[in-house]
Amino acid sequence: MAPVGDSQPQGLSLPGHYGPLLVGPSQPVVASPGADAVLPCRLQPAFDVVSLTLEWSMADLKPDPADPLSRVGYVHLYRGGSEVPDMKIQAFAGRTELLADALKDGDVSLRIKRVTAADQGRYRCHIPKLPGPLKELVVELLVGERGRLYLGTLISGAFCVLLVLLVLGVLLVPGVLGGAVTCSLKRLRDNVREANVYILLVVLTRFFCNLTSFIVPTASRVRRRCNRPARGG
């Protein structure tokens, strides 16, 4: 993808030695089919990009190797203060926009309207003339069932972490308090009792983790069955 020429903004001092940095989310953006999705991408410190060229493209979309003259279209191309639709991927026609009022503050987030399963993937934000060595950032978008399963996995993982913390609390807190006021024999007896509690809690932890990993895909299958149209008699 050949960068489109543009001019640097005049009268602006570069913040820091390396210039502004592109900052985005550490986790994928999750959206439901038919809803709007915003792919966050902004500059820190704030930097006016109104006069720069901004390119949003599909990170995994490559030119046809059999055609040396082929080029990959853009999801959204901004140049000279407005969008350039000539090089836009047709599937995104009329469905993308930048937050125009925020460009002066370095916010180059992209809104995709009415997302579909085909929109799922990795998106690259590229600013060719951005001062500094880092000129691009990749944001991943998950759409539909896969996005909900991703959230379910996060919730299940957090639940398992809480159970592990509970186990540690049960084992460590009584040991710290009891060690200062009990004799060696009582501590030995308590350790035996705590060992039994530990075994029980480990079993419960593994049970609930397996249960949550079973519930999420099962609920998804039930939801799909409920959403199927009824067949005529």
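The values are calculated or read from the model by the stated rules, or taken from the named source; none is laboratory data. All figures in this text were calculated on a predicted structure; none of them were measured in a lab. Note: ideal-geometry Cβ built from the backbone for every residue, glycine included; neighbour counts use all protein chains shown. For the accessible areas, the whole protein counts, side chains as well, though only heavy atoms, and no ligand, DNA or RNA atoms are used. Shrake-Rupley method; radii C 1.70, N 1.55, O 1.52, S 1.80 Å.
Just give me the residues in segment 50-63 being over 23 Å from residue 117 (Cα atoms) and out of contact with any strand residue (DSSP E or B) (no Cβ under 8 Å at 6 or more places or on another chain), in sequence order.
Within segment 50-63, 50, 51, 52 meet the criteria.
Looking only at segment 37-49, count every residue that is assigned to a loop (DSSP other than H, G, I, E, B) and open to solvent by less than 60 Å² (accessible area, probe 1.4 Å) and tell me the total.
5
Given the criteria on the phi > 0 side of the Ramachandran plot and either under 22 Å from the mean Cα position of the chain (by Cα) or open to solvent by 60 Å² or more (accessible area, probe 1.4 Å) (or both), does residue 34 qualify? Don't jump to the end; show me each part of the working.
Values: on the phi > 0 side of the Ramachandran plot: yes; either under 22 Å from the mean Cα position of the chain (by Cα) or open to solvent by 60 Å² or more (accessible area, probe 1.4 Å) (or both): yes.
The answer is yes for residue 34.
Could you check residue 135 against (1) within 20 Å of the chain's Cα centre (by Cα); (2) under 18 Å from residue 30 (Cα atoms); (3) of a type in the set (D, E, K, R) and say which number it fails?
(2)
Residue by residue through segment 56-92, note down the ones that are within 23 Å of residue 40 (Cβ to Cβ), hydrophobic (A, V, I, L, M, F, W, C) and open to solvent by 50 Å² or more (accessible area, probe 1.4 Å).
Correct list: 61, 91.
Within the set of pairs 6+ apart or on separate chains, which have a first residue in segment 16-39 that is farther than 19 Å from residue 138 by Cβ and of a type in the set (D, E, K, R), a second that is open to solvent by 20 Å² or more (accessible area, probe 1.4 Å) and modelled with pLDDT of 95 or more, and C-beta atoms under 8 Å apart?
What qualifies is 36/111; 36/113; 36/114.
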